[in-house]
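Peer 1: Pasting a structure here, questions to come.
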Amino acid sequence: MDFSEILGKKVQQQIQRNKPGPKDCVSLYNILRSAKHHYTLATYADLSSALLTLLSGKFDIKFFIINKDTIVDTEMINFGQCLELDYKKGKLTSPELANYVAITPTLLLSGINESLSNESLHTHGFLRNEIAPLLDFELMNVAEDKTNDKEKYSQRLAEREIQNPPPLKGENYAIKREELLIAALAIIGQNQKDGKKIIVPTITDLLDEIEKQAKKFWPSTETLPMSRKEAAEQLGFALNLFARQIQDLESLRAMKKQKRKN
């Protein structure tokens, strides 16, 4: 190795050392949690909307994918996708086209829920020194926001117990069952409109999606109209009806009624 190669290697190492990495970034999750800590009465939807408005027109602030050891500028990925899309123009199906979506803060913050369950919120963000000057609240350290896993688990269990409504009977049960099936059909119909490969998902996936959209279907409770177990039974009965020996709904209803009497 000659002098210029040795020098070039050292310069490259110095550049790598000075290059920003994950430790220099702050995730969307951390920004929202910090904002919530400061504005306790605001919803995450409102905080997300305010953040997007703040970022509007700030084209000099770069958005990154935050990996364990490296960060990737989303602008480079989006540019690469545009080139690939242009090359494959006219050759892609609707579902394939849906995969070519620009990675932006708007994409990840739109339709956000109060549980911040979207994993991408943890893996996408900004350089701390670029975003911090725009904010009028202090960004918390990740360590400050970590809660004990056991505590989190207990909290979720308690919330689930509160959310599970009492057993339903008679006409009220029939109404709730009808609402559940309407919600399921709405999701299946939307899957078809969106050109998804799997239009009718598994019962578990369908239930997960209904729970995600529960705020839209049942805004007063934001949860399923019955326990998840009962909902699974109802959806399982409907989706697997043709796998049964009898499809006659009137006979099945009569048998069910007789069973209850016995």
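Peer 1: Please enumerate the residues belonging to the range 222-241 that are over 13 Å from LYS176 (Cα atoms) and polar (S, T, N, Q).
Peer 2: Passing the criteria: only ASN240.
Peer 1: Can you give me the ranges of the helices (runs of 4 or more DSSP H) entirely in the range 22-136 with at least 2 residues that are within 24 Å of the chain's Cα centre (by Cα) and aliphatic (A, V, I, L, M)?
Peer 2: Result: 28-38, 44-55, 74-87, 105-109.
Peer 1: So, one more: Could you tell me which residue of the range 91-103 is modelled with the lowest pLDDT, considering only residues that are open to solvent by less than 70 Å² (accessible area, probe 1.4 Å) and among the small types (Gly, Ala, Ser)?
Peer 2: ALA98
Peer 1: Continuing with the same structure: Where the second residue is part of a helix (DSSP H, G or I) and open to solvent by less than 60 Å² (accessible area, probe 1.4 Å) and the first is over 18 Å from GLU119 (Cβ atoms) and small (Gly, Ala, Ser) and lies in the range 30-55, which pairs have Cβ atoms under 6 Å and are six or more apart or on separate chains?
Peer 2: Going by the 6 Å Cβ cut-off, the qualifying pairs are ALA35/LEU47.
Peer 1: Could you list all residues from the range 166-180 that are surrounded by fewer than 15 Cβ atoms within 10 Å (Cβ to Cβ) and either modelled with pLDDT of 80 or more or among the basic types (Lys, Arg) (or both)?
Peer 2: LYS169, ILE175, GLU178
Peer 1: Would you mind stating whether ILE66 is more than 30 Å from LYS216 (Cα to Cα), in contact with a His (Cβ under 9 Å, 6 or more places away or on another chain) and touching a residue at least 40 places away in the same chain (Cβ under 8 Å)?
Peer 2: yes
Peer 1: Right, another one. So which residues in the range 105-129 are of a type outside the set (S, T, N, Q) and open to solvent by less than 70 Å² (accessible area, probe 1.4 Å)?
Peer 2: PRO105, LEU108, LEU109, ILE112, LEU116, LEU121, HIS124, GLY125, PHE126, LEU127
Peer 1: Within the range 197-243, take every residue that is among the charged types (D, E, K, R) and over 25 Å from ALA45 (Cβ atoms) and give me the one that is most open to solvent (accessible area, probe 1.4 Å).
Peer 2: Among those that are among the charged types (D, E, K, R) and over 25 Å from ALA45 (Cβ atoms), it is LYS197.
Peer 1: Restricting to the range 37-90, name every residue that is on the phi > 0 side of the Ramachandran plot and open to solvent by less than 60 Å² (accessible area, probe 1.4 Å).
Peer 2: Selection gives GLY57 alone.
Peer 1: If you go through the range 13-27 one residue at a time, do you hit one that is among the charged types (D, E, K, R), surrounded by 15 or more Cβ atoms within 10 Å (Cβ to Cβ), under 21 Å from MET140 (Cβ atoms) and modelled with pLDDT of 85 or more?
Peer 2: Taking every residue of the range 13-27 in turn, at least one turns out to be among the charged types (D, E, K, R), surrounded by 15 or more Cβ atoms within 10 Å (Cβ to Cβ), under 21 Å from MET140 (Cβ atoms) and modelled with pLDDT of 85 or more.
Peer 1: Go over the candidates ASP149, ASP145 one by one and state the one that is modelled with pLDDT under 80 and out of contact with any Lys or Arg (no Cβ under 8 Å at 6 or more places or on another chain).
Peer 2: ASP149
Peer 1: Given the conditions (1) surrounded by 14 or more Cβ atoms within 10 Å (Cβ to Cβ); (2) modelled with pLDDT under 85, report the number of the one that GLN192 does not fulfil.
Peer 2: Of everything listed in (1) surrounded by 14 or more Cβ atoms within 10 Å (Cβ to Cβ); (2) modelled with pLDDT under 85, GLN192 misses just condition (1).
Peer 1: I'm told GLY8 meets every condition in (1) modelled with pLDDT of 90 or more; (2) assigned to a helix (DSSP H, G or I) except one. Can you identify the failing condition by its number?
Peer 2: With respect to (1) modelled with pLDDT of 90 or more; (2) assigned to a helix (DSSP H, G or I), GLY8 is out only on (1).
The values are calculated or read from the model by the stated rules, or taken from the named source; none is laboratory data. From a predicted model like this one, the values you see are computed outputs, not experimental measurements. Virtual Cβ from ideal backbone geometry, glycine too; neighbours counted across all protein chains shown. Side chains are part of the model used for accessible areas, which takes the heavy atoms of the whole protein and leaves out ligands, DNA and RNA. Shrake-Rupley method; radii C 1.70, N 1.55, O 1.52, S 1.80 Å.
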